[in-house]
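Contents: one structure, followed by commentary.
The values are calculated or read from the model by the stated rules, or taken from the named source; none is laboratory data. Not measured: the values here are computed from a predicted model. Positions of Cβ are backbone-derived with ideal geometry, glycine not excepted, and every protein chain shown enters the neighbour counts.
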Amino acid sequence: MGFFKDMKSGLTRNVTFLGVVSGLTDISSEMLYPIVPVFLTTVLGAPMQVVGLIEGVAEATASFVKILGGRLSDKAGRRKPFVVLGYSLSAISKPVLALAATWHFVLFSRFIDRVGKGLRTSARDALIAGSVDKAHWGKAFGFHRAMDTLGAALGPLAALALIHYMPAGKPDYRFIFLAAFIPALLGVGVLIYFVKEAAAAPKIPGAAPAPVTPMSADFKTFTVLYALFAIGNSSDVFLIMKARALGFSLTHVILAYTGYNLVYALLASPAGWLSDKLGKIKTMAFGFLVFAAVYLGFAVADRPWMIWGLFALYGFYGAFNEGIAKAVVSHLSAGDNRASAMGYFQGTLGFLSFGASVMAGFLWDNFSPSAPFIAGAACAFISMAALAVWTRRRGFSF
């Protein structure tokens with residue numbers, strides 16, 4: 001009972017409802033993630049080059065707007081308006097897809113969806129950090145990642161269920177796009193009515209705005225050392241490609257990826273709690289070790305049954321890394337520049353992820369399908385070692 005009571009402490013009203021909002025939004029987004037490429041190529045007749053262009057523009061937009069959104073939120077001294085606007089834009093993008101007559105509509109939909117994600121992410125993470133004591137930051141971000149990832153697991157299953165009840169071989173993609181609008185709209189409603197932000201300090205007429213605290217040297221160092229890992233952290237599409245190469249059907253791929261998300265969702269909160277007890281960067285090191293083991297496993301895997309276990313183990317990496325990294329950024333930033341720090345950190349990782357995927361494709365085509373996974377494992381080991389040395393020298397206690 002003491003464990004569960006300790007797990008619950010620190011999960012404030014804002015943290016809880018922001019988790020609900022993210023879960024609903026991810027159900028909506030992940031319902032469409034495996035559907036949109038098929039819709040583009042089979043219904044709208046777009047070539048694969050256009051599919052790549054749309055995804056490239058979408059992810060680059062999100063990375064850039066995360067940085068911009070964080071800076072704007074810090075400058076305004078507000079969080080919730082940016083979060084509401086961001087989630088609202090992402091919700092509106094769903095019915096736009098249902099109107100698509102050409103691939104240009106899909107590009108526009110993905111663009112406004114990623115603008116929304118960029119606007120909300122940095123401000124939302126700063127709002128989470130500001131809604132709970134720093135002793136519980138690991139737990140708070142872990143819970144949020146758990147809810148977000150649970151939505152990511154349920155979304156594709158919801159899409160499969162809708163397709164199951166449609167005529168065989170004739171899925172109504174536009175109906176699925178409209179159905180995805182419902183959980184996104186519910187998420188915006190929960191955000192507006194249940195998430196509260198403390199009132200901003202009143203501004204003195206004629207007074208110059210207070211200068212924002214500059215980014216600390218420790219934050220910059222952490223970002224650079226984490227970036228060493230991000231250089232090898234390519235898109236999960238390459239994991240899916242390896243599964244397909246070993247004979248996985250589309251349904252099996254979705255189920256394996258769902259299993260990864262379920263493991264991630266189940267472990268993210270306990271991992272965050274553990275990071276508050278043992279130290280966040282130490283806990284992240286375990287996540288890097290798991291990542292390296294999984295990538296080496298994908299490099300040597302030659303039997304379909306191996307893929308199921310590797311996807312499940314991959315969930316451990318997510319649980320012990322992504323939310324905890326945001327807690328570390330919270331410790332290395334100040335209250336008035338936290339959204340900017342979140343934006344710079346996540347925006348940098350987004351741009352590097354694009355580069356990592358380009359590099360992985362080059363290694364796959366020009367060397368072997370195992371090469372991207374070996375390179376990713378090596379980057380994880382290097383980053384883990386560099387972070388361990390730096391943490392010991394700085395003597396961090398968080």
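Let's see how each residue does on (1) without any contact (Cβ under 8 Å) to a residue 60 or more places away in the chain; (2) of a type in the set (Asp, Glu); (3) farther than 30 Å from residue 197 by Cα:
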position	(1), (2), (3)
303	yes, no, yes
313	yes, no, yes
319	no, no, no
360	no, no, yes
369	no, no, yes
376	no, no, yes
389	yes, no, yes
395	yes, no, yes
### Message
Whether any residue in region 305-314 is within 20 Å of the chain's Cα centre (by Cα), at pLDDT 90 or above and not in a helix (DSSP H, G or I) is what I want to check.
### Response
no
### Task
Return the pairs, sorted by first residue and then second, in which the second residue is surrounded by 22 or more Cβ atoms within 10 Å (Cβ to Cβ) and part of a helix (DSSP H, G or I), the first residue lies in region 137-165 and is among the polar types (S, T, N, Q), the beta carbons are less than 8 Å apart, and the residues are 6+ apart or on different chains.
149/26; 149/261; 149/264; 149/265; 149/268; 149/318
## Note on the structure
Note on region 153-180: residues surrounded by fewer than 23 Cβ atoms within 10 Å (Cβ to Cβ) and closer than 25 Å to residue 13 by Cα are 154
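Residues to consider are 368, 340, 333, 357; find the one that is among the hydroxyl-bearing types (Ser, Thr, Tyr) and touching an Asp or Glu at 6+ places or on another chain (Cβ under 7 Å).
Values: 368 fails: touching an Asp or Glu at 6+ places or on another chain (Cβ under 7 Å); 333 fails: touching an Asp or Glu at 6+ places or on another chain (Cβ under 7 Å); 357 fails: touching an Asp or Glu at 6+ places or on another chain (Cβ under 7 Å).
Among 368, 340, 333, 357, only 340 is among the hydroxyl-bearing types (Ser, Thr, Tyr) and touching an Asp or Glu at 6+ places or on another chain (Cβ under 7 Å).
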### Query
Mind checking which residues of region 315-341 are assigned to a helix (DSSP H, G or I) and over 30 Å from residue 77 (Cα atoms)?
315, 316, 317, 318, 319
### Query
When you scan region 20-34, how many residues do you find that are within 14 Å of the chain's Cα centre (by Cα), modelled with pLDDT of 90 or more and surrounded by fewer than 24 Cβ atoms within 10 Å (Cβ to Cβ)?
1
### Message
Here is a check on your reading of the model: is residue 335 within 20 Å of the chain's Cα centre (by Cα), within 29 Å of residue 144 (Cβ to Cβ) and either in contact (Cβ under 8 Å) with a residue 60 or more places away in the chain or crowded, with 24+ Cβ neighbours inside 10 Å (or both)?
### Response
no
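Quick check, is residue 160 in a helix (DSSP H, G or I), of a type outside the set (Val, Ile, Thr) and at pLDDT below 90? Please lay out each step first, then the result.
Values: in a helix (DSSP H, G or I): yes; of a type outside the set (Val, Ile, Thr): yes; at pLDDT below 90: yes.
Taking the combined requirement at face value, the residue satisfies it.
Given the criterion out of contact with any strand residue (DSSP E or B) (no Cβ under 6 Å at 6 or more places or on another chain) and either among the hydroxyl-bearing types (Ser, Thr, Tyr) or outside any helix (DSSP H, G or I) (or both), identify the matching residue among 132, 96.
Numbers: 96 fails: either among the hydroxyl-bearing types (Ser, Thr, Tyr) or outside any helix (DSSP H, G or I) (or both).
On inspection, the qualifying residue turns out to be 132.
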### Query
Looking at residue 122, is it among the polar types (S, T, N, Q), over 16 Å from the mean Cα position of the chain (by Cα), in a helix (DSSP H, G or I) and buried (at least 22 other Cβ atoms within 10 Å of the Cβ)?
no
### Message
Condition first: among the small types (Gly, Ala, Ser) and not in a helix (DSSP H, G or I). Now tell me which residues in region 163-179 satisfy that.
### Response
168, 169
### Query
What helices (runs of 4 or more DSSP H) lie completely within region 180-285 and have 3 or more residues being modelled with pLDDT under 90?
237-245, 250-278
## Note on the structure
Residues of region 53-75 being of a type outside the set (A, V, I, L, M, F, W, C) and within 12 Å of residue 107 (Cβ to Cβ), in sequence order, are 55, 56, 61
### Message
Residues to consider are 274, 296, 255; find the one that is surrounded by 21 or more Cβ atoms within 10 Å (Cβ to Cβ) and aliphatic (A, V, I, L, M).
### Response
274
#### Entry: Residue in region 102-118 that is outside any helix (DSSP H, G or I), at pLDDT 90 or above and more than 28 Å from residue 255 (Cα to Cα) present
yes
### Summary
Checked against (1) in a helix (DSSP H, G or I); (2) at pLDDT 85 or above, residue 54 satisfies every condition except (2)
### Query
Looking at (1) surrounded by fewer than 23 Cβ atoms within 10 Å (Cβ to Cβ); (2) more than 30 Å from residue 389 (Cα to Cα), which is the only condition residue 316 fails?
(2)
